[in-house]
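What follows is a short report on a single structure.
The values are calculated or read from the model by the stated rules, or taken from the named source; none is laboratory data. As the structure is a prediction and not an experimental result, all values here were calculated from the model. Ideal geometry is used to build each Cβ from the backbone, glycine not excepted, and the neighbour counts take in all protein chains shown. The protein model used for the area step is the full one, side chains on, heavy atoms only, and it has no ligands, DNA or RNA in it. Shrake-Rupley method; radii C 1.70, N 1.55, O 1.52, S 1.80 Å.
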Amino acid sequence: MFLAFVSLVLATLVWILGLVDSFGKPSVAPVLSLEQQELSLLAQPEVPEPLQPLVVGDDPAAALLRTLRETPLDRLDDRQILLFTALEQDESYKQSLRQVTVSQPELIPLQQALKGTKAQGLDRSELLALAPDPLIRRVGCQALGGSAADCVDSAPAAAAARRLIVSEVFPLAALILGGLLLLRHGWQLLRRRLPPWPPLVSAPLGPLDMVLLVAGGFVVLGEVLVPLLIAPFTGWLSRGLSPALTQGVTVLFGYAALAVPPLLILRQQLSQCDQEALPPGGWLQWQARPIVSAVLQGARGWLMVMPPVVLSGWLVSRWIGDQGGSNPLLEIVLNSRDPLALALLAITAVVLAPLFEETVFRGVLLPVLGRSLGRSGSVLVSALVFAIAHLSIGELPPLLVLGLGLAWLRLSTGRLFPCVVMHALWNGVTFLNLLLLGG
């Protein structure tokens with residue numbers, strides 16, 4: 001009892017401090033918006049004209065320029081400064097840009113030319129050869145007097161168009177299909193044609209066990225003590241690796257180590273349960289087979305939860321604004337170019353996180369709470385704990401809605417594995433979208 005109380009107090013303190021601290025952390029939303037606007041401008045020449053309003057917008061150059069104007073100059077990197085200088089025509093903004101110098105010496109001649117200062121001994125083609133990417137070459141070419149047709153490089157523009165179409169059309173199609181499934185589900189609910197939910201099977205554990213598991217094992221041991229203990233090991237393991245690969249190794253081993261204490265505690269708790277009362281499918285009700293139906297149930301749940309999650313995120317940004325505190329993994333994926341580092345990050349996000357988090361939150365916490373709080377109370381509390389555990393104040397409402405959807409899937413199917421599939425799909429599609437927008 002005393003250990004559970006201490007764990008709860010410490011976990012509450014850690015979570016409150018983590019949520020407050022997330023206010024000061026940068027949000028990935030502005031970075032994503034800027035990446036998407038740059039990709040739209042690069043892709044514009046290769047997107048069919050009828051699709052341009054849907055895929056790249058009416059004027060991607062103007063949209064990108066507005067974003068650059070709204071961003072403090074000291075937060076722009078060299079390539080963004082070059083883009084800003086090439087696109088800007090307003091003299092008041094150009095005057096401010098004349099006071100900024102890029103940090104890479106090899107880019108200074110191009111910046112000077114874009115400012116209107118003659119770069120000695122270099123013609124336009126030589127200046128553009130200094131540009132770090134195709135978008136800067138294109139807008140720089142036009143800023144230096146080239147025609148729009150001559151400045152377009154079709155190959156990177158076509159590649160950008162393909163990436164942009166996949167990153168926008170696929171989620172849009174999923175949102176539409178998910179909305180239709182929600183309407184169908186609501187109609188069946190009104191007509192009382194939905195099949196009854198299976199009984200909620202729970203391990204014979206109590207609220208104190210859940211406090212020890214979540215507060216003690218997950219928060220105090222997993223989120224606080226384990227990172228301190230494993231830091232020397234990950235530092236030794238990543239010695240001599242590139243910064244990107246170091247991040248991948250740190251995230252993978254850090255998350256795996258975080259999961260060990262609560263899983264060991266859970267194993268000990270379940271081992272003390274009466275094994276003669278073990279239900280078919282076990283205490284956690286994994287029931288992965290038949291695998292096809294589990295995958296279909298998980299995919300259906302993912303589609304149906306997309307519209308409310310997106311809507312909640314949009315409402316928060318519209319009514320409250322960007323509160324910051326995005327998951328740092330998002331920006332790491334967005335900026336990483338190392339295939340091996342990305343593979344390690346993908347394993348963490350798409351495999352380890354769904355398996356571990358579903359085991360704790362929907363495999364144990366939800367059904368145990370169901371015995372004392374009822375199904376509705378257990379769904380709400382488990383989803384709230386799931387959302388708070390991510391320590392991101394800006395992502396709290398969408399994560400709460402996602403947790404509600406995962407809890408609904410667990411109750412409606414009576415199985416845990418479809419929740420793992422749904423969680424993996426959510427993380428996997430987010431990961432893929434970041435890869436498409438990045439670079």
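Per residue, the average separation of C-alpha pairs within less than 8 Å and at least 6 apart gives region 189-313 a relative contact order of 32 percent.
Percent of C-alpha pairs per 5 Å bin in region 228-321, short distances first: 2, 9, 10, 9, 9, 14, 17, 17, 10, 2, 1.
Each peptide in 91-101, 336-346 was scored by the mean count of other Cβ atoms within 10 Å over its residues; highest first, the order is 336-346, 91-101. Ranking LEU182, TRP15, LEU39 by Cα position along the charge dipole of the chain, where only Lys, Arg, Asp and Glu carry charges on their C-beta atoms, puts LEU182 farthest toward the positive end. Taking every full run of DSSP H in the chain, the ones that stretch at least 18 Å from end to end by Cα along their long axis and average -0.5 or higher on the Kyte-Doolittle scale are 2-22, 29-43, 154-190, 243-271, 291-319, 366-388, 396-413, 417-437. For the chain, the cysteines with no partner cysteine C-beta closer than 4.7 Å are CYS273, CYS419. Projected over every direction and averaged, the convex hull enclosing the alpha-carbon atoms of the chain yields 25.4 nm². For region 24-96, the solvent-accessible area of protein heavy atoms averages 51 Å² per residue (probe radius 1.4 Å; ligands and nucleic acids excluded).
Is the C-alpha gyration tensor of region 99-179 telling us rounded, prolate or oblate? Criteria: a/c under 1.5 is rounded; beyond that, a/b larger than b/c is prolate, otherwise oblate. Prolate. For region 3-64, what is the relative contact order in percent, using Cα pairs closer than 8 Å and at least 6 residues apart in sequence? 30 percent. Here the chain is treated with +1 on each Lys and Arg Cβ and -1 on each Asp and Glu Cβ, and its dipole about the Cα centre works out to around 1380 debye.
Most tightly packed first, judged by the mean number of other beta-carbon atoms within 10 Å of their residues, the peptides 38-44, 70-76, 410-416, 250-256 read 38-44, 410-416, 250-256, 70-76.
Normalising the average separation of contacting C-alpha pairs (under 8 angstrom, six or more residues apart) by the number of residues puts the relative contact order of the chain at 24 percent.
For region 172-243, applying the loop criterion from DSSP together with a ceiling of 16 other beta carbons within 10 Å to the trypsin sites (Lys or Arg not before Pro) yields ARG191, ARG192, ARG193, ARG239.
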